[in-house]
Amino acid sequence: MRIDDFEKPTQTNVLCSNWRKWKQPIIWFQGTTDAVAAQFFLKNIHPRMRKAAYALFGKPENLQSRPNVFGELMRVIISPSEDIKEAVNWALDEGSDPHIALHMRMLMNRSPRAENAALNCIKKALLRNPNNVSRPRVVLLSDTPYLVKDITPKLREFAEVLHFDYKLFKGNISSGKLHGLHELEFRMKDWGPAPRWVAFVDFFLASRAKHAVVSGAYKRVGTTYAQLIAALAAAYQLGENYTTSNFSFFSSFQSNLLSAGLRNQIGWGHVWNRFAGPLSCRNQPNQCALTPLLPPAWWDGPLQSPISRDSRRLEAYGVKLNAFGTVDENRLESFCKSRKDIVKTIPISQKCNGLSCT
C-alpha cells in the first residue's frame, strides 16, 4: 500500500560500458484504479507525499471540505462541441440556466417511491437556496422515458421543467450518422433508448445548474455520471469568487434502499458503498443526503462501514477497521514493512560500436 522506496532511485543498467552511468527512479503503480489510486498517496509512508495528497484530496475526516478536483479539471480541459452547444441552447429555450438538475437512473423501472423521494429532495435543495425563486427551472435527465412522463406533472406544480427531447430536436447533430445508434438494443435497459450523443447533451445541459444537482435511482444512487455533472456544475458556479459559492450535491434514497442500510450501493468507485456495512443507517422512510463533490476513497475517514465482502478485500491491502470504522494505522504500518521489495530485471540485447548502438 505504501510505496516504501518512492524516494530511493533505482539504478538502471546502461547499454554500453563507455556510457556515463546514471540513476533514474522508476515507479510502478499497479492496481491504481478508482478510489484505490488515491490511497497510494493518502496512506503513503513518506510524510511529504501524504502532505501533497491532503492538499489535493482534502482531509479524510471532513468529507464536505474535500476540494472539487475533478470539477476544476473538467472545467479547464473539456467543453461541448458546437453541435452539442446548439442542442443545449435549444433545450434552454432562450431562457436562463436551470437552478437544479435531477438525474434519475431507473433501469426501466417505474418506482413511485423513487419519484417521491426525489421530489422531496428537490424541495429540500430549494430551501437551501438563499435566493428566493418563485418558480425555479429544473432540468430532468433519465434513462427511462416513462419516468419523464410520470414525474414531469408533479414537478410542474412548483417548477418549470426542462428536458432535452432528442426526437423533437432538428439541429445538425440530430440528422448526423450518430442518430442511428438509437436503433441498437445493446444495454438499452441500462442506458435507455436514446442515441449515445444525447448523453453528452444531457451532461452539459445539467452542468449548467446554478444551485444543486440531485441524484436519484431505482438501485444505485450517486452514479459516476451524476457525480461528474455535479462536479462540473459546481466548478462553473465557483468561478473566481470562492466565498459566495452555494452549490450542493444531493443523493436521494427511497425507503427500500434504506431498509438494509444501503447494502445495494456496491462498486469500489461508488460514492456510498463505503457506508453500506454494519454502521449504516437502516429503515428510514427516505434520505436526502448531502454528498461531497469529491467522493471519499476507500477507508478514508471515521464511521466508514463497508460490507463484509469488501472488508475482506481491504484486509488484503493491510487495512483493518475497528468497530467505529477507523483504520488501525499500526497494523497497516506493520503490514507495509513486512512486504518484500520486488525487483524485476529485463535483459536487453544490443550491439554496441563505440558510442553507437543498434
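Computed values, structure above
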item: Yes/no for Val69 being under 17 Å from the mean Cα position of the chain (by Cα) and in contact (Cβ under 8 Å) with a residue 24 or more places away in the chain; result: yes
item: Residues within region 63-106 that are outside any helix (DSSP H, G or I), of a type in the set (Val, Ile, Thr) and surrounded by fewer than 13 Cβ atoms within 10 Å (Cβ to Cβ), tallied; result: 1
item: Candidates Val138, Val133 - the one that is in a loop (DSSP other than H, G, I, E, B) and either of a type in the set (A, V, I, L, M, F, W, C) or buried (at least 21 other Cβ atoms within 10 Å of the Cβ) (or both); result: Val133
item: Meets criteria (at pLDDT 80 or above and over 21 Å from Ala37 (Cβ atoms)) for Lys337; result: yes
item: Subset of region 116-130 (residues that are outside any loop (DSSP other than H, G, I, E, B), out of contact with any Cys (no Cβ under 7 Å at 6 or more places or on another chain) and surrounded by 16 or more Cβ atoms within 10 Å (Cβ to Cβ)); result: Asn116, Ala117, Ala118, Leu119, Ile122, Ala125, Leu126
item: Of all residues making up region 306-327, the number that are within 20 Å of Phe40 (Cα to Cα), among the small types (Gly, Ala, Ser) and assigned to a loop (DSSP other than H, G, I, E, B); result: 2
item: Residue match in region 221-243 (condition: modelled with pLDDT of 90 or more, more than 15 Å from the chain's Cα centre (by Cα), assigned to a helix (DSSP H, G or I) and not hydroxyl-bearing (Ser, Thr, Tyr)); result: no
item: Spans of helices (runs of 4 or more DSSP H) in region 142-208 with at least 3 residues loosely packed, with under 15 Cβ neighbours inside 10 Å and at pLDDT 90 or above; result: 145-155
item: Hits in region 281-309 - residues which are charged (D, E, K, R) and surrounded by fewer than 17 Cβ atoms within 10 Å (Cβ to Cβ); result: Arg282, Arg309
item: Hits in region 90-108 (condition: modelled with pLDDT under 95, more than 27 Å from Arg128 (Cα to Cα) and either out of contact with any strand residue (DSSP E or B) (no Cβ under 9 Å at 6 or more places or on another chain) or β-branched (Val, Ile, Thr) (or both)); result: Met108
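The values are calculated or read from the model by the stated rules, or taken from the named source; none is laboratory data. Since the model is a prediction, treat every value here as computed from it, not as a measurement. Here Cβ is always computed from backbone atoms with ideal geometry, including for glycine, and neighbour counts include all displayed protein chains.
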